[in-house]
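Colleague: Dropping a structure here in structure tokens format, bear with me for questions.
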Amino acid sequence: MSRTLSNFAAFIGALCVYFIIHLFFSTHVRTVRNDVIQGFLIGYGLAFAFAQAYARIKAVKVNGWITMFGLGKPGNGMFLRAAHAQLYAGPVNIPEEAMCWWTNADGAGRTLSGRHDYVMHFQAAHLPPNDAFWSLTMGTARNHFVPNPIKRYSVSDRSGLLPNADGSIDIYIQNAAPSGHESNWLPAPTGDFKLWLRVYVPGKAILNGTYKVPPVVKAKIP
Amino acid sequence: MTLEHLLLFGGVCITTWLAFIYLWPRFILRVFKRAILVKGFGDGPIPVNTLYTEPRAFFADPIHPPASASKRATAGVNRDTLLTVGWLNLRKAPQILQVPDMAGRYYSVQFTNPSSNTNFAYVGKRTTGTQAGDYLITGPHWKGSVPKGMKLISSPNNSVLVLGRILVCGDGDLPTAYNLAKQIKLFAHRPMAARPVASTPQPAINSPSRSRMNHRFHALLKFSKRNVLCAFVCGALAPISAGSQSSADAVVSQKPIIYIEDVGRFYKVYDAAQGHPTAEELQRGYIDPGSPGLRHLSEIRDVTGETIAKAIAAHPQIFADAKRCIAVLPRVRLRVAAALRILGRLYPTAEFPPVTVAISRGKPAGVADAQGVVIGLEASCAVTYFNPNVEDRFVHEIAHEYTHVQQALQSPAFYNNPKPTVLQASLIEGAAEFVATLITGETAFHSPYAPTDSAQDEQVETKFVASEDKTDLSQWIDNGTLTTPGDLGYWVGYRIVKSYYEHSADKRRALSNIIIMKDAKTFLAISGWYPGIRL
């Protein structure tokens, strides 16, 4: 969920609360019609604000990566289902089938942009544990694919990433090809972008929350 | 503020609040429902109870989606899996999900309850493994027994969103993955019907001779009993393209006339005479007051009171038997009307001369020319060796012949060529089979003369290529015998046409080019077809 939307929801919520408090001290003549119309509008505003707030509470943010656990499971309560609808407006997988994180900020909270070069560093044996596959996919700020000369739109366990000498893996996320590291390049656009990390049939460490997705880090200028 | 007002305001406020929270997932899934059933993803709306797989070209090059791809299709970034989606309605009948052997490949098919946006079941590598299987998906009120060999998925809701994901292991793997994705299929479950025996061709009898303009009803098409009967073809419900046709055409296309009344009149005369009507009774009671289609048949094929009376005397059982085929006519009329409306939408220049189902003189089973299609019910009914389901057979036959009507009207030089090559004749018939399959909503063309696997396809089609320029059709068209199924030209022609259609980005233009084919060689060259191609 975006910050703007959250702020907007907070604003709506505050407006609704202000209105309710105001009602108690209002000396205006009340009619049944007003009660119903205002009740509906205020109720709607509160529902929106509440769902956004609850989504923020339920969302898990680690190293800038946002996800929510337990989505899509039958038996989920109405509040969690509403929160789900705020974060992913669609039928997403249950956690056992796939988990998905996204971020538009680096580990320090700054918006990801193609003006900078980034590295995502997976320590040896710390690629996302899974029984199917994982992938890291690039999207523009509006969530479209990014045209690039090597026609690579994501990196994954299928893209032949080269490990470092110590077995760790660096993924170079930048607009221009990283010389000497082309095999581990995930091309970024020139503007802002978003990243999606998907892990299908995630391992236990992911499901119980102990696996931490490493942050996207601004590359040090050599 | 009085207490009454406070209570009313508070009550409405809290109710609205909770209601919106509760209904939120439902609203979101409603958007998906609309996207699937009304808008589609670029190839027209996706009929209920069918699956749509994202185009291969789109996955291969997501930066340049086909011009037809909708905004929704290009939203989101996913380079891992091919997506296949569908919306189920289980109210009438359960659906069967068929998955192929994925040979260890990761895939999942997710079943989402649209009321709560929660997934009540999965088929896939994690839950069911990657071997082939059939899954019966039933609605909440379904009662019955699960057919042997099927696994049950019981849905809490009659509406279900189905979302399949098939892993693609890289660009080189895309054709394989796509082929597997396309093999995930839905069928309506009809417990009374026997399960189809996988493509064992049934023997064809020596067929009556047939000239180009006088088609023996090619009856002859076996339908899978599991095909999705009421499904409309992708794109079928798309709005008629604006400006491309006059409103008069639109009106015509709304109302293809289908006469079935001649049949009832015939049997009135027939029954009144206890099955032995005289020539005069037939002429007066049946032919003279007949529909334009019957009178046309009468003129061109010598169907008169006299010839019919002779035929009844010679083959009484054919006319007695044909009564069993009458019952399906109202349904056939509805389904043909629907199919022809779809033809009109997909192919706005289609013309709509009437379809007539009447009683002939034992033959012909049907004629198709610029005047329309006339079916001889008794002759068509007698041809039972391919598809015992009379209704399905008739619908397909009429749709097939109606395609010939379009060809006759709009590409007469090609269609009426008196000495066609094997390729030309096969493409004419293949086009009719393909268009019939497309507009009747059959999930696939199940030919009784089709080879049983792709290796055989390759063998047959290599032979086809060798003889495609010959004008001796005897190895390819109308050559079925009691023991060997013939008519392979229909099958190969169908596959060439299908390949052409599937390789075309603009499906409507493709359909138009299929119907008004001008040059067989060029068509073949751009169809992308080759012997043994997997379609």
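The values are calculated or read from the model by the stated rules, or taken from the named source; none is laboratory data. Since we're looking at a predicted model, the values are computed, not measured. Cβ coordinates were reconstructed from backbone atoms using ideal geometry, including for glycine residues, and neighbour counts include every protein chain displayed. Heavy atoms of the whole protein, side chains included, go into the accessibility calculation; ligands, DNA and RNA do not. Shrake-Rupley method; radii C 1.70, N 1.55, O 1.52, S 1.80 Å.
Colleague: Take A:GLY39 and tell me if it is assigned to a helix (DSSP H, G or I), open to solvent by less than 80 Å² (accessible area, probe 1.4 Å), more than 7 Å from chain B (Cβ to nearest Cβ) and modelled with pLDDT of 90 or more.
Modeller: Taking the combined requirement at face value, the residue does not satisfy it.
Colleague: Of the numbered conditions (1) within 14 Å of chain B (Cβ to nearest Cβ); (2) surrounded by fewer than 16 Cβ atoms within 10 Å (Cβ to Cβ); (3) of a type in the set (A, V, I, L, M, F, W, C), A:TRP102 fails exactly one; give the number of that condition.
Modeller: (2)
Colleague: Now for a different question. Which members of region B:349-380 meet the condition of being within 17 Å of B:LEU282 (Cβ to Cβ) and at pLDDT below 85?
Modeller: B:GLY362, B:LYS363, B:ALA379, listed by residue number.
Colleague: I'd like to verify a number: residues in region B:48-59 that are part of a loop (DSSP other than H, G, I, E, B) and either at pLDDT 90 or above or among the β-branched types (Val, Ile, Thr) (or both), how many?
Modeller: 4
Colleague: Still on this structure: Just to be sure, is A:ARG81 crowded, with 20+ Cβ neighbours inside 10 Å and among the basic types (Lys, Arg)?
Modeller: So A:ARG81 fits the description; yes.
Colleague: May I pose another question? Of the conditions (1) within 14 Å of chain A (Cβ to nearest Cβ); (2) over 16 Å from B:GLY86 (Cβ atoms); (3) modelled with pLDDT of 85 or more, B:ILE63 fails just one. Which one is it?
Modeller: Checking B:ILE63 against (1) within 14 Å of chain A (Cβ to nearest Cβ); (2) over 16 Å from B:GLY86 (Cβ atoms); (3) modelled with pLDDT of 85 or more, the one that fails is (3).
Colleague: Here is a further query. For the structure I just gave you, tell me whether B:PRO25 is within 7 Å of chain A (Cβ to nearest Cβ) and either under 46 Å from the mean Cα position of the chain (by Cα) or crowded, with 20+ Cβ neighbours inside 10 Å (or both).
Modeller: Spelling it out, B:PRO25 is indeed within 7 Å of chain A (Cβ to nearest Cβ) and either under 46 Å from the mean Cα position of the chain (by Cα) or crowded, with 20+ Cβ neighbours inside 10 Å (or both).
Colleague: Given A:ASN76, A:ASN93, A:ASN104, A:ASN63, which one is closer than 30 Å to B:ASN119 by Cβ, in contact with a Pro (Cβ under 8 Å, 6 or more places away or on another chain) and among the polar types (S, T, N, Q)?
Modeller: A:ASN63
Colleague: Within region A:141-162, which residues are over 16 Å from A:LEU197 (Cα atoms) and open to solvent by 30 Å² or more (accessible area, probe 1.4 Å)?
Modeller: A:ARG142, A:PRO147, A:PRO149, A:ILE150, A:LYS151, A:GLY160, A:LEU162
Colleague: Moving on. Condition first: assigned to a loop (DSSP other than H, G, I, E, B), touching a residue at least 40 places away in the same chain (Cβ under 8 Å) and either open to solvent by 20 Å² or more (accessible area, probe 1.4 Å) or within 11 Å of another protein chain (Cβ to nearest Cβ) (or both). Now tell me which residues in region B:93-116 satisfy that.
Modeller: B:ALA93, B:ARG105, B:TYR106, B:PRO114, B:SER115, B:SER116
Colleague: Exactly one condition in (1) modelled with pLDDT of 80 or more; (2) of a type in the set (A, V, I, L, M); (3) closer than 25 Å to B:ILE398 by Cβ is not met by B:ALA450; state its number.
Modeller: Of everything listed in (1) modelled with pLDDT of 80 or more; (2) of a type in the set (A, V, I, L, M); (3) closer than 25 Å to B:ILE398 by Cβ, B:ALA450 misses just condition (1).
Colleague: Mind listing just one residue for me: the one in region A:70-94 that is assigned to a loop (DSSP other than H, G, I, E, B) and in contact with a helix residue (DSSP H, G or I) (Cβ under 6 Å, 6 or more places away or on another chain) and, of those, farthest from A:ASN130 (Cα to Cα)? Spell out the reasoning first.
Modeller: So in region A:70-94, the residues assigned to a loop (DSSP other than H, G, I, E, B) come out as A:70-77, A:88-94.
Now restrict to residues that are in contact with a helix residue (DSSP H, G or I) (Cβ under 6 Å, 6 or more places away or on another chain): A:71, A:89.
On the way: A:LEU71: 18, A:ALA89: 25 Å.
Among residues in region A:70-94 that are assigned to a loop (DSSP other than H, G, I, E, B) and in contact with a helix residue (DSSP H, G or I) (Cβ under 6 Å, 6 or more places away or on another chain), the one farthest from A:ASN130 (Cα to Cα) is A:ALA89.
Colleague: What about A:TYR18, is it open to solvent by 30 Å² or more (accessible area, probe 1.4 Å), at negative phi and within 13 Å of chain B (Cβ to nearest Cβ)?
Modeller: So A:TYR18 does not fit the description; no.
Colleague: Then there is this: I want to confirm something. Restricting to region B:297-337 and keeping residues that are under 18 Å from the mean Cα position of the chain (by Cα) and surrounded by fewer than 18 Cβ atoms within 10 Å (Cβ to Cβ), which single residue is nearest to B:GLU391 (Cα to Cα)?
Modeller: B:ARG331
Colleague: Also, quick follow-up: Hey, among A:ALA125, A:ALA165, which residue is within 25 Å of A:GLU96 (Cα to Cα), open to solvent by 10 Å² or more (accessible area, probe 1.4 Å), away from every other protein chain (no Cβ under 14 Å) and not in a strand (DSSP E or B)?
Modeller: The conditions single out A:ALA125.
Colleague: In region A:58-72, which residues are buried (at least 17 other Cβ atoms within 10 Å of the Cβ) and within 11 Å of another protein chain (Cβ to nearest Cβ)?
Modeller: Hits for region A:58-72 are A:LEU71, A:GLY72.
Colleague: Before we move on, is B:THR127 over 23 Å from B:GLU54 (Cα atoms), surrounded by fewer than 20 Cβ atoms within 10 Å (Cβ to Cβ) and of a type in the set (Val, Ile, Thr)?
Modeller: Criteria met by B:THR127.
Colleague: Limited to region B:159-189, what total is found for residues that are within 27 Å of A:GLY90 (Cα to Cα), open to solvent by less than 20 Å² (accessible area, probe 1.4 Å) and assigned to a loop (DSSP other than H, G, I, E, B)?
Modeller: Within region B:159-189, residues that are within 27 Å of A:GLY90 (Cα to Cα), open to solvent by less than 20 Å² (accessible area, probe 1.4 Å) and assigned to a loop (DSSP other than H, G, I, E, B) number 2.
Colleague: Which is over 23 Å from B:ASP80 (Cα atoms), more than 8 Å from every other protein chain (Cβ to nearest Cβ), open to solvent by less than 20 Å² (accessible area, probe 1.4 Å) and not aliphatic (A, V, I, L, M), of B:GLY144, B:GLY149, B:GLY133?
Modeller: B:GLY133
Colleague: Turning to a different aspect of this structure: Residues to consider are A:THR31, A:THR4; find the one that is of a type in the set (Ser, Thr, Tyr) and either more than 11 Å from chain B (Cβ to nearest Cβ) or within 20 Å of A:LYS212 (Cα to Cα) (or both). Don't jump to the end; show me each part of the working.
Modeller: Details: A:THR31 fails: either more than 11 Å from chain B (Cβ to nearest Cβ) or within 20 Å of A:LYS212 (Cα to Cα) (or both).
Answer to the check: A:THR4.
Colleague: Out of everything in region B:75-92 that is surrounded by fewer than 18 Cβ atoms within 10 Å (Cβ to Cβ) and part of a loop (DSSP other than H, G, I, E, B), what residue ends up being modelled with the highest pLDDT?
Modeller: B:ARG91
Colleague: Looking at region A:137-162 only, could you name the residues that are touching a Ser or Thr at 6+ places or on another chain (Cβ under 7 Å) and more than 10 Å from every other protein chain (Cβ to nearest Cβ)?
Modeller: Correct list: A:LEU161, A:LEU162.
Colleague: How many residues, within region B:395-422, are in contact with a Lys or Arg (Cβ under 7 Å, 6 or more places away or on another chain), open to solvent by less than 10 Å² (accessible area, probe 1.4 Å) and at pLDDT 90 or above?
Modeller: Residues meeting the conditions: 1.
Colleague: Then there is this: Identify, by number, the condition in (1) free of Cβ contacts under 8 Å to residues at least 40 places away in the same chain; (2) more than 10 Å from every other protein chain (Cβ to nearest Cβ); (3) aliphatic (A, V, I, L, M) that A:ALA55 doesn't meet.
Modeller: (1)
Colleague: Moving on to the next point. Which residue pairs have Cβ atoms closer than 7 Å, lie 6 or more positions apart in sequence or on different chains, and pair a first residue in region B:288-299 that is outside any loop (DSSP other than H, G, I, E, B) with a second residue that is buried (at least 23 other Cβ atoms within 10 Å of the Cβ) and of a type in the set (S, T, N, Q)?
Modeller: Going by the 7 Å Cβ cut-off, the qualifying pairs are B:GLY293/B:THR356; B:LEU294/B:THR356; B:LEU297/B:SER360.
Colleague: Do we find a residue being more than 14 Å from every other protein chain (Cβ to nearest Cβ), in contact with a Pro (Cβ under 7 Å, 6 or more places away or on another chain), at negative phi and assigned to a loop (DSSP other than H, G, I, E, B) anywhere in region A:192-211?
Modeller: The answer is yes; a qualifying residue exists.
Colleague: Please state which one of A:ALA132, A:ALA188 is in contact with a Gly (Cβ under 7 Å, 6 or more places away or on another chain), within 14 Å of chain B (Cβ to nearest Cβ), surrounded by 13 or more Cβ atoms within 10 Å (Cβ to Cβ) and among the aliphatic types (A, V, I, L, M).
Modeller: Of the residues listed, the single one that is in contact with a Gly (Cβ under 7 Å, 6 or more places away or on another chain), within 14 Å of chain B (Cβ to nearest Cβ), surrounded by 13 or more Cβ atoms within 10 Å (Cβ to Cβ) and among the aliphatic types (A, V, I, L, M) is A:ALA188.
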